[in-house]
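Enquirer: Below are the structure tokens for one structure; questions will follow.
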Amino acid sequence: MAKITLDNLAHSYLKHPQSDDDWALKELNHDWVDGEAYALLGSSGCGKSTLLNIISGLLRPSRGRILFDGRDVTDAPTAERNIAQVFQFPVVYDTMSVGENLAFPLKNRGADPKYIAERVNAIAAMIGMEEQLKRKARGLTADAKQKISLGRGMVREDVNALLFDEPLTVIDPHMKWELRTQLKQLHHDFGHTMIYVTHDQTEALTFADKVVVMYDGRVVQIGTPQELFERPAHTFVGFFIGSPGMNLFDAQVSGTTATVQGVSVPLGDSYAPVAGQVQIGVRPEFVRLHAGGEGLPARITRVEDVGRHKIVRLDVGGTAANAILDEGTPVPAGADRVSFDADAINVYADDWRVAPQNLQGRAA
Amino acid sequence: MNKTVNQKAWFLVLPVLILVGFSAVIPLMTVVNYSVQDTFGNNVFFWAGLDWFRDMLESERMWNALGRQLVFSGIILAIEVPLGIFVALNMPKKGFWASFCLVLMSLPLLIPWNVVGTIWQIFGRVDIGLLGYVLAKLGVNYNYTQNVIDAWATVIVMDVWHWTSLVALLAYAGLQSIPDAYYQAAKIDQASRWKVFRFIELPKMAGVLMIAILLRFMDSFMIYTEPFVVTGGGPGNATTFLSIDLVKMALGQFDLGPAAAFSLMYFLVILLISWVFYTVMTNLDKRDGV
Ligand SMILES: Nc1ncnc2c1ncn2[C@@H]1O[C@H](COP(=O)(O)OP(=O)(O)O)[C@@H](O)[C@H]1O
Ligand SMILES: [Mg+2]
């Protein structure tokens, strides 16, 4: 077990990267705290697998270093790093039995046969394949194969970290939930550092203590699920986390007031003058609908009932927006204005969150 | 559901039947015809029953040719299959050099059989051939027209040169179909190079390798042109394989009856071996699909 440090890490698959777009991973500095469970969340193609492969040593970063407990392992081969990784694409050794598959990583490391048998049985119980240990792996269903891959990843107890690259994509929802619970249990029992890659926010938010959100080759925010919800550091986080995502409006901000479409919107904090493209972001949970009075003129385009709450689709002066109402709350009759909870508004300049002045003052 | 019954559809198969009839069945029947008759010339034939077959089965000459044939096929398979796999494993996976290797390796496959024979016939000559001359200069007593071992070595090396590419290309295609994730997982599992070969590459290549072995066996079992051009079946009968012997008998000695019986048995042996291969292969598939 080890603390994993990424030091000025960057990677490009091209030999001679020119523009910013050529980098699959932009410069990255981050510590993965020993024993913590992380979810790595981001849309497809944002560099999640690339990052995992660099950590496990399958890929050498174009730039920067990677340290395990302070020791530089940038050039160390995978074997030396002692990391378990489960891939999105299920990998099984066809000619081996299920049991031999599970035993493979231990056997390769020359473990004691009695210990191997013990571990194989324990893992088989975890993935629910005790009955099939003797069966050849060839011809199993995709989700059985993925369970074996997962099992092979978990069979070693002494690993520095466990990396899961969207491991449950092909598994049916019920089994998914069960396996995720098992993974959490495993983390609880052994305290391995775990990084769990997913593009499913529910999966990320339920699995991890800390969620790392990636966007376009960058880590844009690391935080608890609550932090991601309340203070998205980047408009992408606001948009990606939550369903529907955060509403964004172009605005001018000065002091404690934002001006949106010519209408003043009070803010919960005071802001220094901000440059760049300024927007305010507010989650649909904090959008209030009313007939007349203060606020931005808005038109209701559709109301969707999704069970526990209603999603109200709005047109706010040409900008699409959403509001969420509790199941019991009716849509106010003749609603033509929206206003926002002042404390729930975040200010963004060029997509990055701007810290309010008084907080900055306090920190200084 | 009522199916429309229309027996006229059979006429659609007729052209194929006629084609197969003329190209395969009728020529085969003439051979069958010869194999059960005898003649003293003048185009007069009389019934000989299964005498020719009995003769051929008792003929030491045919058993010797069959023995040589099996040894030859065995040796070239034992060389070409591992060598082909080895070459495939070491070929570049992508980029310019991958295409370059593919073209280079396809070249021997494109050369006509008798040209291959001629190339090696000249190549191995002690007076003007590069190989023969160099060997002679190095003090090796090499002469494929007189020395049995040299003749065999030449014929085998020639076949390996001509056909290893086929095995390599098929194995390469098998290797290319393995997703990267397998190699990555093997690294994570700390599998040795040998285990990667044994548990990932070999199983994924098994299908194409079976085809390669079948093709190479069939083809080498029927080999004629190349050894005929190089050694003419000699020295003595040392490289007289089944086809060469058959032609000697049929055209050289004009023993049509025995030659016909011989070729029918030859045909049956090939059919039998192909059938065994086919059964083994489909059984392997079935075992996979449980
Ligand atoms: N082997 C590769 N060669 C070239 N480009 C790659 C390779 N693997 C990934 N990429 C590119 O790098 C970017 C990040 O990919 P990846 O890390 O697989 O994303 P994710 O796992 O988040 O979906 C993508 O734009 C992808 O096209
Ligand atoms: Mg990926």
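Enquirer: Counting only residues that are open to solvent by 10 Å² or more (accessible area, probe 1.4 Å) and more than 12 Å from chain B (Cβ to nearest Cβ), give me the helices (runs of 4 or more DSSP H) lying completely in region A:68-187 with at least 3 of them.
Expert: The qualifying helices (runs of 4 or more DSSP H) are A:113-127, A:142-154.
Enquirer: Do you know which of the residues in region A:44-60 that are among the aliphatic types (A, V, I, L, M) and more than 9 Å from ligand 2 (Cβ to nearest atom) is nearest to the other protein chains (Cβ to nearest Cβ)?
Expert: Restricting to residues being among the aliphatic types (A, V, I, L, M) and more than 9 Å from ligand 2 (Cβ to nearest atom), the top hit is A:LEU58.
Enquirer: While we're on this one: Taking the criterion of being of a type outside the set (Asp, Glu) and more than 16 Å from ligand 1 (Cβ to nearest atom), would at least one residue in region A:35-47 satisfy it?
Expert: Within region A:35-47 (the criterion being of a type outside the set (Asp, Glu) and more than 16 Å from ligand 1 (Cβ to nearest atom)), the answer is yes, since at least one residue qualifies.
Enquirer: Still on this structure, please answer the following. Restricting to region B:205-233, give me the number of residues that are among the small types (Gly, Ala, Ser), more than 12 Å from the chain's Cα centre (by Cα) and over 30 Å from B:GLY41 (Cα atoms).
Expert: Counting residues in region B:205-233 that are among the small types (Gly, Ala, Ser), more than 12 Å from the chain's Cα centre (by Cα) and over 30 Å from B:GLY41 (Cα atoms) gives 2.
Enquirer: Let me ask something additional. Tell me whether region A:22-40 contains one or more residues that are more than 14 Å from every other protein chain (Cβ to nearest Cβ), farther than 23 Å from B:TYR183 by Cα and within 13 Å of ligand 2 (Cβ to nearest atom).
Expert: Yes - at least one qualifying residue is present in region A:22-40.
Enquirer: Does region A:79-97 hold any residues that are in contact with a Leu (Cβ under 6 Å, 6 or more places away or on another chain) and closer than 10 Å to B:ALA181 by Cα, and which are they?
Expert: A:VAL86
Enquirer: While we're on this one: Residues that are part of a helix (DSSP H, G or I), of a type in the set (Asp, Glu) and crowded, with 17+ Cβ neighbours inside 10 Å: does region A:194-215 have at least one?
Expert: yes
Enquirer: A further question on this structure: In this structure, does A:ALA2 turn out to be under 22 Å from the mean Cα position of the chain (by Cα), assigned to a strand (DSSP E or B), away from ligand 2 (no atom under 16 Å from the Cβ) and crowded, with 17+ Cβ neighbours inside 10 Å?
Expert: Here the answer is no, as A:ALA2 does not meet what is asked.
Enquirer: Moving on to the next point. So is B:ARG198 of a type in the set (Lys, Arg) and open to solvent by 70 Å² or more (accessible area, probe 1.4 Å) or not?
Expert: Yes: the conditions hold for B:ARG198.
Enquirer: Which of the residues spanning region B:107-124 are part of a loop (DSSP other than H, G, I, E, B) and either crowded, with 19+ Cβ neighbours inside 10 Å or of a type in the set (A, V, I, L, M, F, W, C) (or both)?
Expert: Within region B:107-124, B:ILE111, B:GLY124 meet the criteria.
Enquirer: Go through the residues of region A:245-260 one by one and say whether even a single one is more than 16 Å from ligand 2 (Cβ to nearest atom), touching a Lys or Arg at 6+ places or on another chain (Cβ under 9 Å) and open to solvent by less than 10 Å² (accessible area, probe 1.4 Å).
Expert: There is at least one residue in region A:245-260 that is more than 16 Å from ligand 2 (Cβ to nearest atom), touching a Lys or Arg at 6+ places or on another chain (Cβ under 9 Å) and open to solvent by less than 10 Å² (accessible area, probe 1.4 Å).
Enquirer: Same structure, new question: Enumerate the helices (runs of 4 or more DSSP H) found wholly within region B:174-252, keeping only those where 3 or more residues are more than 12 Å from chain A (Cβ to nearest Cβ) and either under 23 Å from B:ILE79 (Cα atoms) or not hydroxyl-bearing (Ser, Thr, Tyr) (or both).
Expert: So the answer is B:202-221, B:225-230, B:242-247.
The values are calculated or read from the model by the stated rules, or taken from the named source; none is laboratory data. Because the structure is a prediction, the values reported are computed rather than measured. Cβ atoms come from the backbone with ideal geometry, glycine included; neighbour counts cover every protein chain shown. Heavy atoms of the whole protein, side chains included, go into the accessibility calculation; ligands, DNA and RNA do not. Shrake-Rupley method; radii C 1.70, N 1.55, O 1.52, S 1.80 Å.
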